[in-house]
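As structure tokens, the structure follows; a few thoughts come after it.
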Amino acid sequence: MRGTLGYLAVGIVALAIAAVAFFPAQTAYRWFAPPGIVLSGISGSIWQGTASEAMVNGAYLRNLKWRAAPLALAKGRFQVDVEARPGAGLLESRISVGATGRVAFTDLQGSLPLETLEKPLGIGGLRGSATLRFDRLALRDGLPVAADGVLTVSDLVLPPVDRASLGGYRAEFFTRDSGITASVEDTDGVVDIAGSFELQADRNYRFLAQLATKPSTPASLRQQLQFLGSPNERGQRELRLEGRL
């Protein structure tokens with residue numbers, strides 16, 4: 001009798017594992033899809049599957065693929081390797097979601113057209129391309145709490161500033177005890193910029209930069225820079241932005 005119960009228990013456990021391992025992704029999406037995420041063309045299981053199209057907080061993605069790590073659940077987190085194509089680009093990352101809701105991206109890398117972020121950022125006409133490589137990027141309640149990596153933007157078109165291309169820029173992010181800091185510089189931008197960004201743990205942020213014109217700076221942008229006040233002896237004007245997220 002004891003042996004029979006033992007075999008029965010093993011069978012139930014095996015059946016439960018199989019049921020979870022092969023649980024249809026389409027069913028899981030209907031039951032548990034978080035707000036802001038819309039998927040279509042779903043196939044596979046919750047542990048390994050694909051979606052032909054996805055909309056994540058207004059950002060359009062296609063050819064989404066995922067492979068989860070079930071053993072990570074024993075450590076209290078859900079972990080999944082994800083690959084997706086935002087337009088002509090490609091993004092890859094390992095994503096971990098903890099019991100507290102903290103979302104961590106590790107080995108995040110790829111490229112994407114900036115028009116993918118037009119709706120999420122609320123910037124109409126945003127154009128250009130971005131390349132990113134982050135060792136880690138962590139979010140809590142939708143806000144960054146850790147960031148270590150490099151973001152490069154080329155052929156930037158930012159209509160609120162100018163409808164012509166502003167060129168290329170680079171930002172390198174670091175995680176500090178006080179929050180997230182970044183150095184910002186132009187690569188081939190129409191404005192010479194040397195700046196720093198800081199996002200503190202209390203959600204206050206500050207961006208401080210020195211701007212200077214170049215021969216390629218459009219006349220309309222030169223006029224806007226004059227509102228920043230008189231330049232220093234090196235022809236630089238200070239831009240300071242502060243606020244709270």
Subject >> S43-S230 pseudo-label distance in nm [points 7 Å out on the Cα-to-Cβ vector] >> reply: 6.9 nm
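I'd like to check one number: the per residue accessible area of region 59-169, probe 1.4 Å, reported in Å² as a whole number. Provide the component values of the computation, followed by the final result.
Numbers: 5960 Å² over 111 residues.
Ligands and nucleic acids excluded, the figure is 54 Å² per residue.
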Subject >> Ranking by accessible area, most exposed first, for I180, I46 with a 1.4 Å probe >> reply: I46, I180
**OP:** With label points built 7 Å along Cα→Cβ from the Cα atoms of L143 and L121, find their separation and express it in nm.
**Re:** 2.0 nm
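Roughly speaking, to the nearest percent, how much of region 128-196's 1.4 Å accessible area is carbon and sulfur?
Working: 1790 of 3440 Å².
The value for region 128-196 is 52 percent carbon and sulfur by accessible area.
Net charge near G142: determine it from the other residues with C-beta under 15 Å of the C-beta of G142, scoring Lys and Arg +1 and Asp and Glu -1. Spell out each step's value before the answer.
Numbers: positive: R102, R140, R203, R244; negative: D141.
In short, +3.
The values are calculated or read from the model by the stated rules, or taken from the named source; none is laboratory data. What you see is a predicted model; the values in this text were computed from it and never measured. Don't worry about glycine lacking a Cβ; one is built from the backbone with ideal geometry, like all the others, and counts go over all protein chains shown. Protein only, heavy atoms only, side chains kept; ligands, DNA and RNA dropped before computing areas. Shrake-Rupley method; radii C 1.70, N 1.55, O 1.52, S 1.80 Å.
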